[in-house]
Structure formats: structure tokens, C-alpha cells
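The values are calculated or read from the model by the stated rules, or taken from the named source; none is laboratory data. For clarity, every value in this text was computed on a predicted model and none was experimentally measured. Quick reminder, even Gly has a Cβ in these numbers, built from the backbone with ideal geometry, and neighbours come from all protein chains shown.
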Amino acid sequence: MEFVLYEQKGAVGIITINREKALNALNSQVLEELEKTFDAVDLDNVRCLILTGAGEKSFVAGADIGEMSTLTKKEAEAFGKKGNDVFRKIETFPIPVIAAVNGFALGGGCEISMSCDIRICSDNAVFGQPEVGLGITPGFGGTQRLARLVSPGMAKQLIYTARNIKAAEAYRIGLVNQVVSAEVNEAGEVTVSAKDALMAAAEKMAAGIAAQAPIAVRNSKKAINDGLQVDMDKAIVIEEKLFGDCFETEDQQAGMGNFLEKDKEKKLKVVPFKNR
Ligand code: CAA
């Protein structure tokens, strides 16, 4: 792969969009490589993914404006579909995906972060949907996911004004779960860069997720995602089914058994998903 890197650390997989010269902008090749990378994740052993961008400056600065500049209406619709298909794959991926947002998350960058389950960012992160300033609408799910994630009014304001917001505001409006700063010593020197601190925080969160019962985590993701698409009467039926699915599994028996035996130290065994 030219533009996407993959690394596995224990039960956590780290996917890095690696097109630093263009601030990790998403062209067709990056989208195709991302799709292949997600398809190749070893779901028997990986329990949580982190998605980030190479370098300190930018997570993803959007869809590739050079590539988009000459598209016809038909080609643009197909390009939108290509991005939407990959982002939907991320959103519905069986295991959680954490976006570790290092710097710019603009246009398609904000959009790909919103297709992840959880967003944490460095304090130099900048979010925005600047598309209307380029004469287009957000095209990789921004009109839909931003409105659902923050609120329709706030999404409309951000999209209509094309205004970028900093990490603190993104946190205030609920777009990100956590903001991570560089570590500085008493002399004011940076001892851990914002990117390194961000990745450490993302890996800690991912490891915390990976330590839980994997069927329960997968089923929780599916229940939340699927339930949000339907009314409450249908949503609770989705929950009941996925709740029931957890029973008679090794995880449920070990998890509840540990509690009943008052054995707080006993951890859930890490066995490959396929053996469950
Ligand atoms: N597409 C293509 N190339 C991009 C890019 C993008 N979205 N963003 C940055 N780059 C490239 C620049 O062209 C530049 O390349 P060269 O060195 O070859 O000239 C390189 O990355 C570095 O960028 P800058 O010199 O502009 O860096 P800067 O620090 O001065 O500015 C920035 C950083 C504010 C993020 C600025 O690059 C910028 O505004 N980028 C575009 C952001 C944007 O509008 N994104 C939305 C795209 S539309 C979209 O995403 C549609 C959709 O929903 C599907």
C-alpha cells in the first residue's frame, strides 16, 4: 500500500493514512487502500481499531480538491459514493474504531472521523466542513452525520458558514470525546508531543475496550448503530435480541462467574473470536 499503513499491537490495530505531503487528503487511491485495509483486518484477534493520519499537522485535510476539480456531475456522484461506501464500512465495522485526530480534520477529514465510533483529538486539532466555500456540499456523509452527532442547528451553522472550529469547541459541542495535550516539563519544554500523547491516549482507550468481552462489545456497537435508525419500539427489540445473543457464551459465563465468585482479579480470557 502506498498511502495506508497498518500495524497490530496485541488486540489493537492501528490504521494510518499516510499521504503527509498532501496533509493526508483523500484521493481515490487512498479510499481504495483504506477499504482493502479494513477488509484485511484479522477480526479473530483484533478487538479495536485506531484510525489516524501521518505526521503532527493533519489528520485528513479533506477529499482531494485537485482530483475533484475536473469531475463531471456523474463522476462526482460516483466519487461521493466511493467515499460513502468506505465510511459506511467503517461505521458498521464489527469492532469499535477510534479516530485519533491529529491536527486538521476538514471536509472529508471531519467526515471520516464521524464515521468512527469515538473521536479523540490533539489540542491543535481543527474541525470543519468548508465545502460550501468550494462551491460544493459536504459529500462523504457530513450533511448526515454532523446533524446526528451534534445537533441539526449546530451542523447547519457549521456547514452554511464553512467555519472551522478548534479542539475546545469541538469538545464543547460533543463532536469529540476527549482532547489531549502535549506534555510539558516545569521548564516549559515539550516532553511528549501532542501526537505522541494523543496516540498513547487512543491506545489506552483501545486497550480498555479490547479487555472487555468481545461479543458484548460487538453487540453493543450493533445495538447502538441499528437502534438509532428506527423508532424506540423497534430499537428495544434490536437490543433484546443482541442482549440475548450474549448468553450461553463463554464470556458471559466467565464474566458473571467471576463476579459471583467475588474474584475481582480474574480477567476475561483472551481467546480468538472464532473459538467463541
Ligand atoms: N486536497 C488536495 N490537496 C490538499 C488538500 C486537499 N483537501 N489539503 C491540503 N492539500 C495539499 C496542498 O495543496 C499542499 O500541497 P503542495 O505542497 O503540493 O502545494 C499541501 O497539502 C500542504 O497544504 P498547504 O500548503 O495549504 O498547508 P497550509 O498549512 O498552508 O494550510 C490547510 C493547511 C488550512 C488545511 C489548507 O491546506 C486547506 O485549506 N486545505 C483544504 C481544506 C479543505 O477545504 N478541505 C475540504 C475538501 S472538500 C471535501 O472534503 C469534499 C467532501 O466532503 C467529499
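Does Lys81 satisfy the condition of being basic (Lys, Arg), farther than 26 Å from Asp196 by Cα, out of contact with any Asp or Glu (no Cβ under 7 Å at 6 or more places or on another chain) and free of Cβ contacts under 8 Å to residues at least 40 places away in the same chain? Yes, satisfied. The set of residues in region 24-43 being of a type in the set (A, V, I, L, M, F, W, C) and either assigned to a helix (DSSP H, G or I) or buried (at least 22 other Cβ atoms within 10 Å of the Cβ) (or both) consists of Ala25, Leu26, Val30, Leu31, Leu34, Phe38, Ala40. Of all residues in region 130-147, exactly one satisfies the criterion of being assigned to a helix (DSSP H, G or I), near the ligand (Cβ under 9 Å from one of its atoms) and hydrophobic (A, V, I, L, M, F, W, C), namely Leu134. Being more than 12 Å from the ligand (Cβ to nearest atom) and assigned to a loop (DSSP other than H, G, I, E, B) is the filter here; which residues of region 59-83 pass it? Listed by number, the residues that qualify are Thr70, Thr72. Scanning region 221-237 for residues that are over 21 Å from Cys116 (Cβ atoms) and either modelled with pLDDT under 95 or under 24 Å from the mean Cα position of the chain (by Cα) (or both) turns up Val230, Ala235. None of Val41, Val30, Val46 is within 12 Å of the ligand (Cβ to nearest atom), β-branched (Val, Ile, Thr) and touching a residue at least 12 places away in the same chain (Cβ under 8 Å) except Val30. Scanning region 157-196 for residues that are part of a helix (DSSP H, G or I) and exposed (fewer than 14 other Cβ atoms within 10 Å of the Cβ) gives Gln157, Tyr160, Thr161, Ala168, Arg172. Is it fair to say Phe93 is in contact with a Cys (Cβ under 6 Å, 6 or more places away or on another chain), of a type outside the set (Ser, Thr, Tyr) and free of Cβ contacts under 8 Å to residues at least 60 places away in the same chain? No. Summed over region 197-220, residues that are among the basic types (Lys, Arg) and surrounded by fewer than 19 Cβ atoms within 10 Å (Cβ to Cβ) total 1. Of the candidates Phe87, Phe127, the single residue that is touching a Cys at 6+ places or on another chain (Cβ under 8 Å), free of Cβ contacts under 8 Å to residues at least 60 places away in the same chain and more than 8 Å from the ligand (Cβ to nearest atom) is Phe127.
What number of residues within region 221-247 satisfy the criterion of being surrounded by fewer than 16 Cβ atoms within 10 Å (Cβ to Cβ) and either assigned to a loop (DSSP other than H, G, I, E, B) or of a type in the set (Val, Ile, Thr) (or both)? Residues flagged as surrounded by fewer than 16 Cβ atoms within 10 Å (Cβ to Cβ) and either assigned to a loop (DSSP other than H, G, I, E, B) or of a type in the set (Val, Ile, Thr) (or both) within region 221-247 amount to 7. Select from region 1-17 the residues that are within 16 Å of the chain's Cα centre (by Cα) and within 16 Å of the ligand (Cβ to nearest atom) and list them in ascending order. Hit for region 1-17 is Ile17, nothing else. Only one of the numbered conditions (1) among the acidic types (Asp, Glu); (2) within 13 Å of the ligand (Cβ to nearest atom); (3) not in a loop (DSSP other than H, G, I, E, B) is violated by Glu56, and that is (3). The set of residues from region 99-119 being of a type in the set (Gly, Ala, Ser), within 13 Å of the ligand (Cβ to nearest atom) and within 13 Å of Ile15 (Cα to Cα) comprises just one member, Ser113.
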